[in-house]
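To keep things clear, I will list the structure first and then write my remarks on it.
Laboratory data are not the source of any read-out in this text; all were calculated from the coordinates shown. Quick caveat, the model's predicted, so the values are computed rather than measured. With ideal geometry, Cβ positions are generated from the backbone for all residues, glycine too; neighbour counts draw on all protein chains shown.
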Amino acid sequence: MVFEIVADGGCKSYVVGCEATCSAAIIDPNLNQLDRYKGIANREGLRIRYIFETHTHADHFSAAAHLAKHFGARVVMHKESPAPHVDIHVEDGHLIPLGQLRIQVIHTPGHTRDSVCYYVEDRLFSGDTLLINGTGRSDLPTGDPAQLYSSLFDKLLTLPGETKVYPAHDYKGAGSSTIGAEIEGNRRLKPRSEAEFIELMDGLNLAAPTHLTEALRTNITGGKTVQQLLAEAAESVPFISMKELNARLGQQRNDLVILDVRERDAYSTAHIPGAMHLARGQLELKVDETFPDPGIEIITVCTVGKISTLAAATLRELGFARAVALDGGMKQWREQGFPIDSGEDPALLI
């Protein structure tokens, strides 16, 4: 078996393949590690046929849709998964052939409704259902401690004790465990009755994962992350330095507009002298009536330079080919001592 672990902090994903046929799959890929997966496939001469997800992740951004498109692979998830990019919906007991390997699906709801584990020869890819000396939490959307208890005690812990366990998270660098070792030493598995287990899980009071809402939104819908949107926008627009913009302030050019896209309160507190105001949320609705000449140069400004980059990219998509973004934002502009105005000039409000 071809096997490689890809770590991204505490998040773990896996490349699994059939050595005889070079057919391979990636399990729980992380968007931060795109180049790693591609590099492994190229180095080992693998044909990536499947992307397996153990569940809808709430703590990292899935690379499944991107990798499926890149490799021409098929995304595999449980039938309860809401993600629109799933190609093969599976159920408990299904098998997916991978060359001479057979990947068995074990439905293990509890952490999420669509949680599954994948059993391949002597290895269990346990997602967030069974962790090393831990279990997945059951307090996030579609989680259920009673279902998690059944998934653990009625399914996973009945597997052969020598079965190797590879979870989706490993924050202590243990690498892997076995079913036998988890039965013996996992503190979460000590309460043997369902009632005791539910009481334990309900009393954990864990903090919400970072980027919970964005991760769920992105992984459920197949949409883009904010980071992706910003990166794509930055690739499509040029920028202007603060020094250059400051030099242009006194030129009084008719073909140049500084457009502050922050909210009105932020604009009125401090803005670049002569800057017009149009909040980013109103841009598409009001830009045509505001700038009838699509040939005008528009320099977008925000607080730190991110929203203004999106705004400049939007303006270019709308036909304002000379739209550019300030390299930085008002925070840095003020820190560097460039001139500012405050208050509201009705002639500059849109």
**Request:** Treating the angle as unsigned and between 0 and 90°, give the value, to the nearest 10°, between the Cα long axis of helix 34-44 and the longest Cα principal axis of the chain.
**Result:** 50 degrees
**Complete:** So, with points 7 Å from each Cα along the Cβ direction, the residue 192-residue 285 label distance in nm works out to 6.4 nm
**All-pairs alpha carbon distance profile, the range 227-348, 10 Å steps from 0, percent** = 14, 51, 33, 3
**Message:** Show me the ranking of peptides 81-92, 291-302 by mean Cβ neighbours inside 10 Å, starting with the highest.
**Reply:** 291-302, 81-92
**Request:** Please work out the FRET efficiency for the pair residue 335 and residue 296, using the Cβ-Cβ distance as r and a Förster radius of 30 Å; give the result to the nearest 0.05.
**Result:** 0.55
**Request:** Pairs of Cα atoms under 8 Å, at least six residues apart: use those to get the relative contact order of the range 2-221, whole percent.
**Result:** 18 percent
**Extension gain (nm, one decimal) between residue 246 and residue 183, 0.36 nm per residue minus Cα-Cα** = 16.0 nm
**Request:** Can you pull the one-decimal nm distance between simple spin-label points at residue 321 and residue 226, each 7 Å off the Cα toward Cβ?
**Result:** 3.4 nm
**Item:** Label-reachable residues, the range 310-342, where backbone N falls under 15 Å from a point 7 Å from residue 253's Cα toward its Cβ
**Value:** 321-327
**Item:** Beta bridges per DSSP with both ends in the chain, % antiparallel, nearest 5
**Value:** 50 percent
**Asked** Regarding the chain, what whole-number volume in Å³ per residue does the convex hull of its Cα atoms give?
**Response** 167 Å³
**Message:** Helix-only estimate, please: 222 nm mean residue ellipticity of the chain, summing -39500 (n - 2.57) across DSSP H runs of length 4 or more and dividing by its residues, to the nearest 500.
**Reply:** -8000 deg cm²/dmol
**Size of electric dipole in the chain: Cβ of Lys, Arg +1 and of Asp, Glu -1, about Cα centre, debye, nearest 20** = 620 debye
**Message:** What is the sum of charges, Lys and Arg at +1 and Asp and Glu at -1, for the other residues whose Cβ falls under 11 Å from the Cβ of residue 122?
**Reply:** 0
**Asked** With the chain treated as a Gaussian network of Cα nodes joined by springs under 10 Å, which of 218, 129, 269 yields the largest mean-square fluctuation?
**Response** 269
**Message:** Just to be sure I understand: with springs between alpha-carbon atoms less than 10 Å apart, which residue in 54, 290, 135 has the highest mean-square fluctuation in the Gaussian network model of the chain?
**Reply:** 290
**Message:** Per 0.36 nm of contour for each residue apart, how much would the distance between residue 21 and residue 205 grow if the chain were fully extended, relative to their Cα-Cα spacing?
**Reply:** 61.6 nm
**Local net charge near residue 145, Cβ-Cβ under 10 Å (Lys/Arg +1, Asp/Glu -1)** = -4
**Complete:** One finds, for residue 157 and residue 266 with R0 = 51 angstrom and r their Cβ-Cβ distance, a FRET efficiency to the nearest 0.05 of 0.40
